[in-house]
Amino acid sequence: MSNVFGIDVSALQAFQQAIEVTSNNVANASTPGYDVESVNLATAAPQDSGSIAIGAGVTVSGVSRAYSQAATNQLNTSQSSLAQLNALQNYTNQIDNLFGTTAGGLSTALQNYYGGWSAVADNPTSTAARQALLGDATALAQNLNTTSTQLNEMNSGVNAGITADVQQVNSISTQIANLNTQIAASAGSGQAPNTLLDQRDQLVSNLSQLVGVTTTSNTDGSINVYVGNGTPLVLDNNTYSLTTVPNQFNASQLEVASSTSNGNSISSTITSGDLGGLLAASTQAINPALNQLGQIATAIAQSANTQQASGLDLNGQLGGALFSVAAPVATASTANTDGTTASVTISNVGALTSDNYLLSYTGGAYTLKDATTGANVALTGAGTQASPLTADGLSIVLSGTPASGDQFLIQPTAQAAATLSVALTNPSGLAAADAVQTSAADSNTGTGTISTGTVTDAANPNLLSTATIAFTSPTTYSINGAGSFAYTSGGNISANGWQVQISGTPATGDSFTVQSNAGGTGDNTNALAFANQQTQGLLSGGSESISGAVGALISGVGAQVQQVNTAQAAQAAVNTQAQTNVSSVTGVNLDQEAANLMQWQQAYQASAQALSVANGLFTTLLDSVNGTYS
């Protein structure tokens with residue numbers, strides 16, 4: 001009879017625990033990270049009763065949680081990718097909005113500026129037209145300044161986000177390590193610490209949204225957590241923190257290092273999670289936009305200043321610089337071991353790109369790599385061992401004795417848009433007139449005609465000196481009485497920094513004069529050349545105008561936004577499916593739990609009824625025995 005009581009009591013206890021587990025599932029149906037639990041029932045060891053073994057009831061062997069490592073890994077990976085795209089999307093959309101307004105304004109400001117030169121060409125001596133042009137030039141520079149400032153503010157936002165993410169990563173890593181300690185301590189208890197495991201899994205999930213992680217398991221139930229290419233965050237109960245460090249070339253740009261990396265950046269290995277998205281936003285969106293904007297600013301300044309130097313102002317002087325702009329930046333790596341410095345100037349704006357470059361000294365020679373594309377760039381110069389070195393429109397001058405391993409980051413255009421300003425304040429200083437004028441002698445008897453002069457070297461000290469081209473025969477000429485040069489109709493004739501063409505058939509003794517245009521205050525030749533710069537091929541080897549570069553910048557930003565938005569939408573769908581997969585395994589199904597409650601309740605009631613029957617049998621037995629002996 002005692003065996004009957006034992007069986008019934010074991011059933012009551014087991015089903016009571018089953019009801020408690022099911023109730024706990026219902027209570028945590030909306031708890032993040034909770035994995036549905038189920039009671040594990042096992043037949044109790046039977047008791048021998050003579051020649052037969054009779055069951056001894058039921059025992060609870062444990063409470064297990066529903067869990068799939070594969071589904072969890074898939075979810076964490078998809079979350080990391082989605083978080084990276086979300087962060088990148090945030091900044092690409094900001095840039096798109098910025099260029100949709102400011103850069104649209106840039107197109108207008110650029111048109112107004114070149115339109116101002118057209119107005120000066122229409123009335124070269126008008127002070128009002130000249131003053132309005134200076135205002136247009138100032139508005140153009142301010143537009144570029146403002147856009148650059150806003151892009152730099154985005155980089156500051158990226159830095160703040162990187163700092164916040166690193167702090168969160170370290171905090172979560174510490175919590176995981178603490179849970180590892182508690183989980184390992186319960187390893188010999190025979191019952192898995194489900195609540196602790198749920199908490200740790202949720203922390204890993206939260207961590208995967210900040211940075212891409214991988215995990216490995218230990219025999220004691222603890223886990224190891226890694227980021228990037230195997231950089232440890234948690235090993236058993238030990239943590240290895242991330243830190244922020246300044247970029248080795250740009251102290252204003254933060255990167256990520258680890259306590260195991262000796263202060264060296266591991267940013268290149270962090271490609272997912274919010275942290276990866278922030279790093280990508282800076283390198284793939286913000287800085288390229290700054291560089292392209294700077295390329296435009298550089299082209300505007302250099303083309304304007306070159307054209308100014310090719311003409312005369314109202315005072316009969318060669319035009320001074322209209323704009324000022326910062327030179328390219330060349331920054332030595334903080335890892336360099338010597339004092340070698342590099343300075344860079346732009347020698348050919350037409351060959352200039354919007355990319356950054358990495359100049360390295362190894363094996364006794366300098367090499368140059370495009371930091372944007374990773375391609376090697378051919379250097380020309382003194383055997384690539386000493387300056388000056390030239391490449392892609394840049395002239396690089398090095399001073400000092402380099403050490404092997406030296407590196408310099410060259411940013412040709414990064415600061416140009418922020419620093420562009422109008423250097424000319426006096427409207428009479430605008431060089432609307434051509435620097436030189438040409439004429440044919442009245443006594444000429446041939447049919448030769450001379451073109452207007454074109455300045456090829458404004459720095460030539462004899463540019464404005466009078467020069468006479470005299471034909472010593474129909475096929476030869478001298479310049480200022482010197483030399484005997486072969487004449488070809490329409491061919492270039494150059495001297496003193498100018499160039500002209502004579503066409504036709506000059507006669508012996510015919511002469512042509514090239515001289516200063518100092519008295520030509522009504523001349524608009526140079527102003528017209530300025531106005532034509534808007535559509536002139538000044539960039540990309542002469543294939544792209546400044547207006548075209550602005551359009552390409554705006555359309556490029558739009559294309560990047562579309563690409564990121566498409567990728568984000570696709571990844572969001574992948575993440576939703578991964579969440580569904582995990583929920584199908586670990587989530588609480590309230591309908592199922594309601595059915596389970598009914599099942600356990602009925603089982604409990606049946607066990608109670610069985611116990612009542614056993615009690616009745618036992619009472620009857622006692623009464624019978626008492627009746628026998630009364």
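Assorted remarks:
- Along the stretch 288-293 the Karplus relation, 6.51 cos²θ - 1.76 cosθ + 1.60 evaluated at θ = phi - 60°, assigns HN-Hα couplings of x, 5, 4, 5, 5, 4 Hz to successive residues, with x for each Gly and Pro.
- Lys/Arg +1, Asp/Glu -1 at C-beta; the chain dipole; positive extreme among THR508, ALA440, SER333: THR508
- Prolate/oblate/rounded call for the stretch 394-443, Cα gyration tensor, a/c under 1.5 rounded: oblate
- Backbone HN-Hα couplings from phi across the stretch 304-316 [Karplus 6.51/-1.76/1.60, Hz, Gly and Pro as x]: 5, 5, 5, 5, 4, 5, 9, x, 10, 8, 5, 8, x
- Helix 546-586 and the long axis of the chain differ in direction by around 10°, with both axes built from C-alpha atoms.
- Extreme residue, positive dipole direction of the chain, given options ASN496, ALA578, THR454 (C-beta unit charges): ASN496
- Peptides 16-23, 331-338 ordered by packing proxy, namely the average of other Cβ atoms within 10 Å per residue, highest first: 16-23, 331-338.
- Helix 127-185 and the longest principal axis of the Cα set of the chain meet at an angle near 20°.
- Across all Cα atoms of the chain, the radius of gyration (one decimal) and Dmax (whole number) stand at 41.0, 167 Å.
- Dividing the helix sum by the residues of the chain, where each DSSP H run of 4 or more adds -39500 (n - 2.57), gives a mean residue ellipticity at 222 nm of -15500 deg cm²/dmol.
- Using θ = phi - 60° and Karplus 6.51 cos²θ - 1.76 cosθ + 1.60, couplings along the stretch 430-446 (whole Hz; Gly, Pro as x): 6, 8, 8, 8, 5, 6, 10, 10, 10, 7, 9, 5, 5, 8, 4, 10, x
- Taking amide H as placed 1.01 Å from N in the peptide plane, GLY453 has its amide H under 5 Å from the amide H of THR438, each at least 5 places away in sequence or on another chain.
- Amide hydrogen neighbours beyond the local backbone of ALA56, cut-off 5 Å, H modeled: ALA44, GLN47
- Among GLU544, GLU255, a tally of other beta-carbon atoms within 10 Å of each Cβ gives an order, fewest to most, of GLU544, GLU255.
- Charge tally in the Cβ shell below 14 Å around THR372, where Lys, Arg are +1 and Asp, Glu are -1, THR372 excluded: -2
- Acute angle (nearest 10 degrees) that the helix 194-210 long axis makes with the longest principal axis of the chain, alpha-carbon atoms: 10
- The average projected area of the stretch 327-414, computed from the convex hull of its Cα atoms over all directions, is 5.1 nm².
Read the figures in this text as sums done on the coordinates, not as results from a lab. Given the structure is predicted, the values throughout are model-derived calculations rather than measurements. Backbone-built Cβ (ideal geometry, glycine too); neighbour counts: all protein chains shown.
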